[in-house]
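One structure below.
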Amino acid sequence: METIGIGLIGTGYMGKCHALAWNAVRPVFGDGPRPVLVHLGEATAELAARRADEFGFAKSSGDWRQVIADPEVDVVSITTPNAFHAEMAIAALAAGKHVWCEKPMAVGFADAERMAAAAKASGRITVLGYNYIQSPMVRHIKKLIDEGAIGAVNHVRFEMDEDYMADPEAAFYWKSEAASGYGAIDDFGVHPLSLIHYLFGGVTRVMANLAKPYADRPAKDGGRRAVENWDIASVMLELDGGVTGVMALDRAAWGRKGRIALQIFGSTGTIVFDQERFNEVQLYSASDRATEQGFRTIMAAPVHPPYDRFIPAPGHGLGFNELKIIEAHELLKALRGEPAQVVDFAAGLKIERTVHAMAESHHERKWVEV
Ligand SMILES: NC(=O)c1ccc[n+]([C@@H]2O[C@H](COP(=O)([O-])OP(=O)(O)OC[C@H]3O[C@@H](n4cnc5c(N)ncnc54)[C@H](O)[C@@H]3O)[C@@H](O)[C@H]2O)c1
């Protein structure tokens, strides 16, 4: 079977997730090309060597440029903090590599534009880490909408909440730096935006209000350091086709662990979904008998592809890492020239444009066209 050489840069939360996906995609989906774990890069040679041993990579380096320069590497997974994405992705594309880059695409819009231009010029495949669009139940929601199961969609509400920034005494780290972006709307809000783009096409205008629950946090070297971005956002949206929506984001929301809650209201029904319980979807249909009307729970099952590639039994449930395996498979499909469900750098630019429109709206205190 044909093989494809994998490079990985960064081995934290997402780096491990990409490594697991590259290891699992062939056993799960059974098609090719077969990923070969070639070269892993980390911030230090010691950490790179340790992770290469754990993840199964043949070579390691404390300099990410060695990964990109490796002739045996065909695809580079970029899972470093946001501020590195543009430089690493553009260098990888220039070296003729395909790129799988974590979200958000870049911190500044100019960098995102440079990445999209580099992708276009290279003719290589690019994929951004918008894993939630890969969920079998999210795909099923799209099918329900497209088949008219809730009639004409007239309003949507998207909420995303987690509590990893909820503790005011948690130490300052890169996610609170302006260099990592605006905060909730790009670190975070890009995920619901990717769902909006997948389900409804895109956003035409926004009105946003950003907020900072804590002005400063303990600094690593003592004292306190001012928080440089916003953990909370409240956004009004108008979607392609004129549907109105609301997006609420909070990464300092105690008790919320991985909530991406969708309510999609239509002329004949409603769909409700929450990523914290992502193996189920709630569907309400006004055409049910009045005596039985109510939300029904649809459990993920082999009839919701590609769940069937993981488990033959219904209701047993997929996990977060499996979304990344599906994403890796979509990337391989794109490489084979098949239609693939991915957000490439060109599509990612539309999401970035929406994020920057939100920031502008907040600063200008007005609606902004995307
Ligand atoms: N798709 C998702 O659901 C999701 C979830 C979490 C994070 N992310 C994104 O993934 C990216 C990484 O986040 P994370 O939570 O994995 O961060 P992390 O801090 O856990 O890992 C980052 C890794 O990058 C390494 N690194 C830093 N500088 C480097 C350099 N110059 N060369 C090589 N390696 C370097 C660090 O040592 C670390 O291992 C971010 O862009 C983040 O937004 C995506």
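The values are calculated or read from the model by the stated rules, or taken from the named source; none is laboratory data. Predicted model, so just to flag it, every value in this text is computed and none were measured. In this analysis, Cβ positions are derived from the backbone assuming ideal geometry, glycine residues included, and neighbour counts consider all displayed protein chains. Remember, those area values only see protein heavy atoms, side chains included, never the ligands or the DNA or RNA. Shrake-Rupley method; radii C 1.70, N 1.55, O 1.52, S 1.80 Å.
Quick notes
- If you go through region 44-70 and pick out every residue that is touching a helix residue (DSSP H, G or I) at 6+ places or on another chain (Cβ under 6 Å), open to solvent by less than 40 Å² (accessible area, probe 1.4 Å) and either at pLDDT below 95 or among the small types (Gly, Ala, Ser) (or both), you end up with 2.
- Test for Ile90: is it open to solvent by less than 50 Å² (accessible area, probe 1.4 Å) and touching a residue at least 40 places away in the same chain (Cβ under 8 Å): no
- Pairs, first closer than 12 Å to Leu349 by Cα and open to solvent by 10 Å² or more (accessible area, probe 1.4 Å) in region 94-110, second near the ligand (Cβ under 9 Å from one of its atoms) and modelled with pLDDT under 95, C-beta under 6 Å, six or more apart: Val107/Asn82; Val107/Ala83; Val107/Gly181
- Taken together, Gly32, Gly41 contain a single residue that is at pLDDT below 95 and either more than 30 Å from Asp308 (Cα to Cα) or surrounded by fewer than 16 Cβ atoms within 10 Å (Cβ to Cβ) (or both), which is Gly32.
- For region 2-26, the set of residues classified as more than 8 Å from the ligand (Cβ to nearest atom), of a type in the set (A, V, I, L, M) and open to solvent by 10 Å² or more (accessible area, probe 1.4 Å) consists of Ile4, Leu20, Ala24, listed by residue number.
- Condition check for Ala117 on (1) more than 11 Å from the ligand (Cβ to nearest atom); (2) in a strand (DSSP E or B): one failure, at (2).
- Residue among Arg309, Arg289, Arg259, Arg296 that alone is in contact (Cβ under 8 Å) with a residue 40 or more places away in the chain and over 17 Å from the mean Cα position of the chain (by Cα): Arg309
- Top-ranked residue of region 339-370 - restricted to ones that are polar (S, T, N, Q) and assigned to a helix (DSSP H, G or I), ranked as farthest from the chain's Cα centre (by Cα): Ser361
- Whichever residue in region 49-68 is farther than 12 Å from Lys16 by Cα and touching an Asp or Glu at 6+ places or on another chain (Cβ under 9 Å) and, among such residues, is farthest from the ligand (Cβ to nearest atom): Ala58
Each row is one residue, and each column tells you yes or no for (1) of a type in the set (Lys, Arg); (2) touching a Lys or Arg at 6+ places or on another chain (Cβ under 8 Å); (3) within 17 Å of Phe84 (Cα to Cα).
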{"position": "Thr11", "(1), (2), (3)": "no, yes, yes"}
{"position": "Gly15", "(1), (2), (3)": "no, yes, yes"}
{"position": "Arg26", "(1), (2), (3)": "yes, yes, no"}
{"position": "Gly32", "(1), (2), (3)": "no, yes, no"}
{"position": "Leu37", "(1), (2), (3)": "no, no, no"}
{"position": "Glu42", "(1), (2), (3)": "no, yes, yes"}
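- Hits in region 170-183 (condition: closer than 12 Å to Ala252 by Cβ and more than 12 Å from the ligand (Cβ to nearest atom)): Ala170, Ser176
- Cβ separations smaller than 9 Å between residues 6+ apart or across chains give the following pairs from region 7-36 residues that are of a type in the set (Gly, Ala, Ser) to residues that are open to solvent by 60 Å² or more (accessible area, probe 1.4 Å) and within 9 Å of the ligand (Cβ to nearest atom): Gly10/Ala43; Gly10/Phe84.
- Where strands (runs of 3 or more DSSP E) fall entirely within region 145-252, those with at least 1 residues that are buried (at least 20 other Cβ atoms within 10 Å of the Cβ) and of a type in the set (Gly, Ala, Ser) are at 203-211, 232-239, 244-250.
- Within region 70-107, the set of residues being of a type in the set (Gly, Ala, Ser) and within 14 Å of the ligand (Cβ to nearest atom) comprises Ser77, Ala83, Ala86, Ala89, Ala91, Ala92, Ala106.
- Residue that is surrounded by the fewest Cβ atoms within 10 Å (Cβ to Cβ), among those in region 253-288 that are assigned to a loop (DSSP other than H, G, I, E, B) and among the polar types (S, T, N, Q): Ser287
- Residues that are near the ligand (Cβ under 8 Å from one of its atoms) and among the small types (Gly, Ala, Ser), drawn from region 27-47: Gly41, Ala43
- Ile325 being part of a helix (DSSP H, G or I) and of a type in the set (A, V, I, L, M, F, W, C): yes
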